[in-house]
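A.B. asks: Got a structure for you, questions after.
The values are calculated or read from the model by the stated rules, or taken from the named source; none is laboratory data. As the structure is a computational prediction, the values presented were derived from the model and not from experiment. Cβ coordinates were reconstructed from backbone atoms using ideal geometry, including for glycine residues, and neighbour counts include every protein chain displayed.
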Amino acid sequence: MAGVLLAGCKPASPQPEATLTVNSVSITREEVARELRGLLWRRSMVWESLDVAAEEKLRREAVDALVERRLIADFAARAPHATAITPAEAEAAFQQFIRQFEPPDHWKQRMELQGLTELQLRERLTAELAQTRAIESWLKSQRTSSVSQLDEAAAQKWFAAHRESMRLPERVRASHIFLTAHDVGKPDRTAEMAAIQQQLTAGAATLAQLAAAFSDDERSKKVGGDLGWLSRERVPEDFAKALFALPVGKPSPVFRTQLGWHIALVHEKKPARPPEFSEVKAEIMTMLGNEWRVSALGRLRAELRAAATIQEAPGFAKDLAPAPWDGVAK
């Protein structure tokens, strides 16, 4: 959000004659130059390193971004379902914005760089909040009329077509006792782990009891060494190689990995398999919802642009360079 705002248009003041208008509202070359500067900053790009084609592409992106911003502002202003932003909501938006900066008062320098006062910043944040609210309200209305794209039947259809690509990997539920190799005072802990294994083999204590007493894995030792369900991808390769070769229900011999020494116990195994719909339903519904949202917003942008009166003089942004930083640190 900070990047979008900081790269925006300078507040109203005497401007040179504009040669680009969107619904009769002017966008100047100066504004495009500032947008160019913002694009470069957000992408960590250096203008002087770009070739002519890349420069022209970035100029067009800057122009398009400003045009779209103007169209969205117009849409929010006339949206019948838009609601006014309360003073408390406006203040919350301001506080959320300035919390993004370190040190805390760095936002003031950034505003000075853009020629914005605190009042102008607050007005811009409030306007952006109103625009976001109008868009979300519009999306909600579209979702109601397009519910078939988001319902369970659509998710089941997608699942049927992609089930094999979502195969669940082989998994094991395991516990372990672990002694780290990174204790500088104990470079070789083979004998220490052998003594622990001797207690386990003799039945003097369970693996869970020994893990709680001796393991260096602070997270798992609190639950008796329990690691939960694991796939190969979730653990280091050398540990996975030893763990997945173990039979169910029999503690392993001591084995060494790059991290240290282990005794492991596999409680259950599950082979790789395609998932059941219930296991991935929420994930699929979220994915389809996100795809629908992207598509709907693209349609809204296209409709707003098609309905707008946009007049751009030939060569409007030709040879335009980014605005300077005016000596203020980035």
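A.B. asks: Counting just the residues of the stretch 211-270 that are among the aromatic types (Phe, Trp, Tyr) and part of a strand (DSSP E or B), which one comes out nearest to Val172 (Cα to Cα)?
C.D. replies: Ranking the qualifying residues of the stretch 211-270, first place goes to Trp229.
A.B. asks: Then there is this: Can you name the residue in the stretch 9-34 that is surrounded by 20 or more Cβ atoms within 10 Å (Cβ to Cβ) and closer than 22 Å to Glu118 by Cβ and, of all such residues, is modelled with the lowest pLDDT?
C.D. replies: That would be Arg34.
A.B. asks: Sticking with this structure for a sec: Which condition does Ala302 not pass, out of (1) under 30 Å from Gly115 (Cβ atoms); (2) free of Cβ contacts under 8 Å to residues at least 60 places away in the same chain; (3) assigned by TED's automatic domain parsing to the domain that holds Ile72, if it passes all the others?
C.D. replies: The one condition Ala302 does not meet is (1).
A.B. asks: Further question: Test Ala191 against the stated conditions and say whether it is surrounded by fewer than 17 Cβ atoms within 10 Å (Cβ to Cβ), among the hydrophobic types (A, V, I, L, M, F, W, C) and assigned to a helix (DSSP H, G or I).
C.D. replies: In short, yes.
A.B. asks: Restricting attention to the stretch 194-210, which residues are of a type outside the set (Gly, Ala, Ser) and either part of a helix (DSSP H, G or I) or more than 16 Å from Gly249 (Cα to Cα) (or both)?
C.D. replies: Our first condition is that a residue be of a type outside the set (Gly, Ala, Ser); within the stretch 194-210, this holds for 196-201, 206-207, 209-210.
Across the stretch 194-210, the qualifying residues are Ile196, Gln197, Gln198, Gln199, Leu200, Thr201, Leu207, Gln209, Leu210.
A.B. asks: Kindly list the number of the only condition in (1) loosely packed, with under 12 Cβ neighbours inside 10 Å; (2) modelled with pLDDT of 90 or more that fails for Pro103.
C.D. replies: (2)
A.B. asks: While we're here: Is it the case that Phe316 is within 21 Å of Pro169 (Cβ to Cβ), out of contact with any helix residue (DSSP H, G or I) (no Cβ under 6 Å at 6 or more places or on another chain) and crowded, with 17+ Cβ neighbours inside 10 Å? Let's see the steps before the verdict.
C.D. replies: Values: within 21 Å of Pro169 (Cβ to Cβ): no; out of contact with any helix residue (DSSP H, G or I) (no Cβ under 6 Å at 6 or more places or on another chain): yes; crowded, with 17+ Cβ neighbours inside 10 Å: yes.
Criteria not met by Phe316.
A.B. asks: For the condition crowded, with 17+ Cβ neighbours inside 10 Å and either free of Cβ contacts under 8 Å to residues at least 60 places away in the same chain or not small (Gly, Ala, Ser) (or both), what is the one hit in Ala76, Ala62, Ala88?
C.D. replies: Ala76
A.B. asks: Okay, moving on. Tell me, yes or no, whether the stretch 166-177 has at least one residue that is charged (D, E, K, R) and more than 27 Å from Pro275 (Cβ to Cβ).
C.D. replies: no
A.B. asks: How many residues does the stretch 66-80 hold that are among the aliphatic types (A, V, I, L, M), within 11 Å of Ala134 (Cα to Cα) and part of a helix (DSSP H, G or I)?
C.D. replies: Counting residues in the stretch 66-80 that are among the aliphatic types (A, V, I, L, M), within 11 Å of Ala134 (Cα to Cα) and part of a helix (DSSP H, G or I) gives 4.
Okay, residues lined up against (1) in contact with a Ser or Thr (Cβ under 9 Å, 6 or more places away or on another chain); (2) small (Gly, Ala, Ser); (3) within 21 Å of Arg189 (Cβ to Cβ); (4) at pLDDT 95 or above:
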{"site": "Gln209", "(1), (2), (3), (4)": "no, no, yes, yes"}
{"site": "Ala212", "(1), (2), (3), (4)": "no, yes, yes, yes"}
{"site": "Asp226", "(1), (2), (3), (4)": "yes, no, no, yes"}
{"site": "Leu230", "(1), (2), (3), (4)": "no, no, no, yes"}
{"site": "Ala240", "(1), (2), (3), (4)": "yes, yes, no, yes"}
{"site": "Phe244", "(1), (2), (3), (4)": "no, no, no, yes"}
{"site": "Pro247", "(1), (2), (3), (4)": "no, no, no, yes"}
